[in-house]
Amino acid sequence: MKIYKAKDYQDMSRKAANIISAQVITKPDCVLGLATGSTPEGMYAQLVEWYKKGDLDFSEVKSVNLDEYRGMTRDNDQSYYYFMHKHLFDHVNIDPANTHLPNGIAEDPQEECIRYENQIKSMGGVDLQLLGMGHNGHIGFNEPGDEFTKMTNCVDLQESTIEANKRFFASADDVPKQAYTMGIGTIMRAKRVLLMVSGEDKAETLAKALCGPITPKVPASVLQLHNDVVVVADEAALSAMK
């Protein structure tokens, strides 16, 4: 595991964008596992800037996203499909046919999980998986629990996650209560993992994830077992590290 300390959010975003861009340059037809949320927004903005300067070419890149809210239509401005188009896909030359997310309005959740897992396998797996981390240590929507999930699954969101996400909705009642997410096993099969973490409010959880026991109570702790993990975090997020 490599840990890069960034001065602040902007520096973290640039450092993470460097890692993503290096992957795209060295393997133009790579499969990127992408994440949403406020943490990677600055990183996506940096990638778009470099693309517009002619430094990056996404024409052969394929992508799979970590997760999507269940019951959320793609035209809803809180869907992760909408987020990805707003922050990246609509601003670079990636082929929309090469971008993949779980179908939030699939009729059968179990079938959708199997379909998405097979989609990832058919692409040869993920070359570089981008992750953020929740306040409770979740990665994707894999919440703290009694065991690590093996594959893409439909999960019930914990109250802490609903509380954290309600700022994006009119009220907590409007936050979806379920989501599709890559499983821990799916994430761990990625060839390389990039974890981005920002803010002092995640410092204690990040220290537990990187230095504490490996436990499904802190889902991100499983990354200690991956053989190629890069952590890019700002000084505030790393402030609890010994």
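The values are calculated or read from the model by the stated rules, or taken from the named source; none is laboratory data. All values reported here derive from a predicted model rather than from experimental measurement. FYI the Cβ positions are ideal-geometry reconstructions off the backbone, even for glycines, and counts take in every protein chain you see. The accessibility values were calculated without ligands, DNA or RNA, using every heavy atom of the protein model including side chains. Shrake-Rupley method; radii C 1.70, N 1.55, O 1.52, S 1.80 Å.
Figures for the structure shown
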quantity: Net charge over other residues, Cβ less than 15 angstrom from the Cβ of Glu163 (K, R count +1; D, E count -1); calculated: -2
quantity: Ranked order, Asp146, Asp127 - accessible area, probe 1.4 Å, largest first; calculated: Asp146, Asp127
quantity: Å² of accessible area per residue within the chain, as computed with a 1.4 Å probe and no ligands counted; calculated: 46
quantity: Greater than 18 Å apart at Cα, pairs in Lys2/Lys191; Lys5/Lys62; Lys2/Lys208; Lys62/Lys121; calculated: Lys5/Lys62
quantity: Sparse-neighbour loop sites [chymotrypsin sites (Phe, Trp or Tyr not before Pro); region 145-183; at most 13 other C-beta within 10 Å; DSSP]; calculated: Phe169
quantity: Mean Cα-pair separation over length for the chain, i.e. relative contact order, pairs under 8 Å, 6 or more apart, %; calculated: 25
quantity: Low-density loop cleavage sites - GluC sites (Glu not before Pro) in region 1-100, where at most 11 other Cβ are within 10 Å (DSSP); calculated: none
quantity: Separation of alpha-carbon centers, region 25-88 and region 201-242, rounded to whole Å; calculated: 24
quantity: Spherically averaged projected area of region 103-215 from its Cα convex hull (nm²); calculated: 7.9
quantity: Nearest-20 debye value, region 2-234 charge dipole, Cβ charges on Lys, Arg, Asp, Glu; calculated: 800
quantity: Selection of trypsin sites (Lys or Arg not before Pro), region 1-76, meeting DSSP coil and at most 16 other Cβ within 10 Å; calculated: Lys7, Lys53, Arg74
